[in-house]
1. Hey, can you tell me all the residues within segment 11-56 that are part of a helix (DSSP H, G or I) and within 42 Å of the chain's Cα centre (by Cα)?
2. Considering segment 55-84 alone, what residues qualify as being open to solvent by 70 Å² or more (accessible area, probe 1.4 Å) and touching a residue at least 24 places away in the same chain (Cβ under 8 Å)?
3. Identify all residues within segment 194-211 that are open to solvent by less than 40 Å² (accessible area, probe 1.4 Å) and not in a helix (DSSP H, G or I); write none if there are none.
4. Report, ordered by the first and then the second residue, all pairs with beta carbons closer than 8 Å, sequence separation of six or more or different chains, a first member in segment 192-204 that is under 20 Å from H239 (Cβ atoms), and a second member that is basic (K, R) and exposed (fewer than 15 other Cβ atoms within 10 Å of the Cβ).
5. Enumerate the strands (runs of 3 or more DSSP E) found wholly within segment 63-168, keeping only those where 1 or more residues are of a type in the set (K, R), modelled with pLDDT under 90 and closer than 18 Å to L264 by Cα.
6. Of the conditions (1) surrounded by fewer than 15 Cβ atoms within 10 Å (Cβ to Cβ); (2) in a helix (DSSP H, G or I); (3) without any contact (Cβ under 8 Å) to a residue 12 or more places away in the chain; (4) over 30 Å from the mean Cα position of the chain (by Cα), E177 clears all except one; give me its number.
Amino acid sequence: MIELKHLRTLQALQNTGSLAAAAAQLHQTQSALSHQFSDLEQRLGFRLFVRKSQPLRFTPQGEIMLQLAEQILPQIQQALQACHEPHQTTLRIAIECHSCIQWLTPALNNFRQSWPQVVVDFKSGVTFDPQPALQQGELDVVLTSDILPRSGLFYTPMFDYEVRLVLAPDHPLAKLEHISPEDLADEVLMIYPVQRQRLDIWRHFLQPAGVSPALKNVDNTLLLIQMVSAQMGIAALPHWVVESFEKQGLVVTKTLGAGLWSRLYAAVRDGEQRQPVLEAFVRFARQHACDHLPFVRDAARPGSLQSIS
């Protein structure tokens, strides 16, 4: 029966001292405000203030309703403010991209400067499958290149990145301008210990050409690069993984075909993508990557794929 607008109007009457001034403060006409009170008083069965009193005077019942307004309205304001502030004190992140931690760490530093009240915790591991953990509420966001259909998850594009062939500088393929799938047929391709169908180089470059080089699992990025440098095999990695090693002359990178590009997504549970903490994390991570990583382009640019749920 009593609505918030009635409580706000009572407070405006108390603050201004007249029906006309309260109407002006509330951006209503005096006639509309008077009609609102007449209707309310009829439903309540008692008067709230004395008409034509100067200054405006509340009835005893009106004083009780005014006390209610002074108690309820600040509580509502505090609750609304809390809804717009981060109520999540811990942001649990997992990464399926084993090398993402190299650029994610400085992005998290930027995020924490703006959101110091949020504790960031992240998980990673070659045997850890984070998307089911996200579905079950054990995580808050997962960085992934894999979209699970009908999963109840929402995928926001972060950025597109080029997967490049990584070679020793004196490897015979380092002399080629263009790398074809057939060039890799007799090579040892070193990969992280995941199913080969999850590898972009396998799904989009080698398999369509019917090329199947030998695969060797290596679960440590630094060891993998050292093995490539020693000509124990080749690898296909985002350029940010090997940028510093390439500058040192330990490895070189080449474009695969016309360019092998992949997209990184931030996955969250559908319905939670508008939470301020999650939105801020995605924004900081995307901005840092697009500003600082080589061979990266913003996935939110015109013409790119949009968010997928």
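The values are calculated or read from the model by the stated rules, or taken from the named source; none is laboratory data. Just so it is clear, the model here is predicted, and its values are computed rather than measured. Note that each Cβ is placed from the backbone with ideal geometry, even for glycine, and that neighbours are counted across all protein chains shown. Quick note on the areas: whole protein, heavy atoms, side chains included, nothing else; ligands and nucleic acids left out. Shrake-Rupley method; radii C 1.70, N 1.55, O 1.52, S 1.80 Å.
1. The initial filter retains those residues of segment 11-56 that are part of a helix (DSSP H, G or I), namely 11-16, 19-25, 30-44.
Scanning segment 11-56 gives Q11, A12, Q25.
2. Scanning segment 55-84 gives P55, E70, H84.
3. Across segment 194-211, the qualifying residues are V194, L199, V211.
4. Matching pairs, first to second residue: W202/R196.
5. Answer list for segment 63-168: 119-123.
6. The number of the failed condition is (2).
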